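Written below as structure tokens is the structure these notes are about.
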Amino acid sequence: MILVIDLTRPDLPILFDEFVSPIIRIVNNLGSKVSTIHLSDLKTIDRNVTGIIIAGTALADTWYQSHAPTSFLCNEKIPVLGICAGMQMITAGKRGEYIPSLEIGMVPVKLTKAGRTDPLTKGKEDFSGYALHQYTTTIPPSWDVLAVSDTGPQIIKCRDAPQYGALFHPEVRNEWIYERFLLITQKTIP
């Protein structure tokens, strides 16, 4: 089962429809069961969870920045994929720092040397990603950059655990990232 964590501001439920629901739809369409929880309700990870996707949120929603992930989430050994704010929160939980970086719209993304061999990105040399953020974070030393745009890292991976981050929103025109992430959670990587 895939756990989707909702980082949206709790008093704006419309954000769930825009940022979390598309991920649930994609993962369901790819044949995986999904459970959803809001970050504020997260206490432990169910043993049946095979992967975690931390959804992004709206451009002006910074609620997640004052709600650090619990320590067990940052130390999970099961696969984790943080999207936009989810990537920022994971790296901030590993001592990264938030940095203002406004990006809206389609951005060209290119793989790095590490990205050309990683199962999440291998074979996708150049593509465009839909960016909608006003922050990024510094990349912790134990993370590799798999893909970049002109403004900086767009996909990252922890060297010590199957944790990934994508600064852009793959639910817009890059559903293949979710498909490959699900393969990683199933350990059936091509």
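The values are calculated or read from the model by the stated rules, or taken from the named source; none is laboratory data. Everything quoted here is computed from the prediction, not taken from an experiment. FYI the Cβ positions are ideal-geometry reconstructions off the backbone, even for glycines, and counts take in every protein chain you see. Surface accessibility is based on the protein's heavy atoms, side chains included, excluding ligands, DNA and RNA. Shrake-Rupley method; radii C 1.70, N 1.55, O 1.52, S 1.80 Å.
Some points to look at:
- Qualifying residue in the stretch 6-26 (condition: surrounded by 15 or more Cβ atoms within 10 Å (Cβ to Cβ), under 25 Å from Lys187 (Cβ atoms) and of a type in the set (Ser, Thr, Tyr)): no
- Scanning the stretch 79-135 for residues being in contact (Cβ under 8 Å) with a residue 12 or more places away in the chain, open to solvent by 50 Å² or more (accessible area, probe 1.4 Å) and in a loop (DSSP other than H, G, I, E, B) gives a total of 4.
- For the stretch 41-54, taking the residues that are open to solvent by 60 Å² or more (accessible area, probe 1.4 Å) and free of Cβ contacts under 8 Å to residues at least 40 places away in the same chain, the one that is farthest from Lys187 (Cα to Cα) is identified as Asp41.
- Cβ pairs under 9 Å, 6+ apart, first in the stretch 1-13 and part of a loop (DSSP other than H, G, I, E, B), second open to solvent by 70 Å² or more (accessible area, probe 1.4 Å): Met1/Lys33; Met1/Asp46; Met1/Asn48; Thr8/Ile14; Thr8/Glu18
- Filter pass, Lys157 being in a loop (DSSP other than H, G, I, E, B) and either open to solvent by 20 Å² or more (accessible area, probe 1.4 Å) or of a type outside the set (Phe, Trp, Tyr) (or both): no
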